[in-house]
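Taking it in order: structure first as structure tokens, then the write-up.
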């Protein structure tokens, strides 16, 4: 059965282009022309991915994603930005979007990103594990992260990035490796998305004296146990 993608954009031409492109790539699609219509459609449809434009009337893309995440709806989201505005991109990723594409976009790249998001969202772990690094505990089965006794709210992409770091704690992971494993970007990219998400993890997990997520300039990133427990 084909994956279902919901396209949310107020421009009919963009919806038509995305619908035709995604159908050629083997996906089924449904459409909404604004955020309110999308929320209504979600009552009867459970898409595998939502493509959401930022600039829409009635309810913009940011508010739609915030509504989804505050109700614990973890449907993967690819946001469309009309400008390459870093503030728009950073805000979208912060509130829980999984990736973004800037208009005008290349159709081949968009399809690659859609497939990558769906692939990693469906990636199952044969044996669910509990991973630990110092005060951080990551429960794969419950999709839950705690710092000491406090639960830390992470987006699906933040969770996967932290999972990769802890799985290989102490090792330096290159940006190219993380782009491939977490975002499914296998082509050469100048994307700053890894740096952006590393900063999000630090804001949430660097606390109470713990600062274990390190940048190795020119090489990559690593996570370490606290000094006193290594």
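Worth a mention:
- Only residues that are farther than 15 Å from residue 29 by Cα and touching a residue at least 12 places away in the same chain (Cβ under 8 Å) were counted in the range 43-74, giving 19.
- Inside the range 64-89, residues that are touching a helix residue (DSSP H, G or I) at 6+ places or on another chain (Cβ under 6 Å) and either surrounded by fewer than 16 Cβ atoms within 10 Å (Cβ to Cβ) or assigned to a loop (DSSP other than H, G, I, E, B) (or both) make up a count of 2.
- Given (1) more than 19 Å from the chain's Cα centre (by Cα); (2) buried (at least 22 other Cβ atoms within 10 Å of the Cβ); (3) not in a loop (DSSP other than H, G, I, E, B), index of the condition residue 29 fails: (2)
- Considering 111, 145, the condition of being closer than 28 Å to residue 45 by Cβ, at pLDDT 90 or above and either assigned by TED's automatic domain parsing to the domain that holds residue 15 or buried (at least 20 other Cβ atoms within 10 Å of the Cβ) (or both) is satisfied by 111 alone.
- Test for residue 138: is it in a strand (DSSP E or B), touching a residue at least 24 places away in the same chain (Cβ under 8 Å) and not assigned by TED's automatic domain parsing to the domain that holds residue 118: yes
- Subset of the range 36-63 [out of contact with any strand residue (DSSP E or B) (no Cβ under 6 Å at 6 or more places or on another chain), closer than 24 Å to residue 153 by Cα and not in a loop (DSSP other than H, G, I, E, B)]: 39, 62, 63
- Test: residue in the range 150-161 that is free of Cβ contacts under 8 Å to residues at least 12 places away in the same chain and surrounded by 14 or more Cβ atoms within 10 Å (Cβ to Cβ): no
The values are calculated or read from the model by the stated rules, or taken from the named source; none is laboratory data. Owing to the predicted nature of the structure, the values given are computational and were not obtained by experimental measurement. Cβ coordinates were reconstructed from backbone atoms using ideal geometry, including for glycine residues, and neighbour counts include every protein chain displayed.
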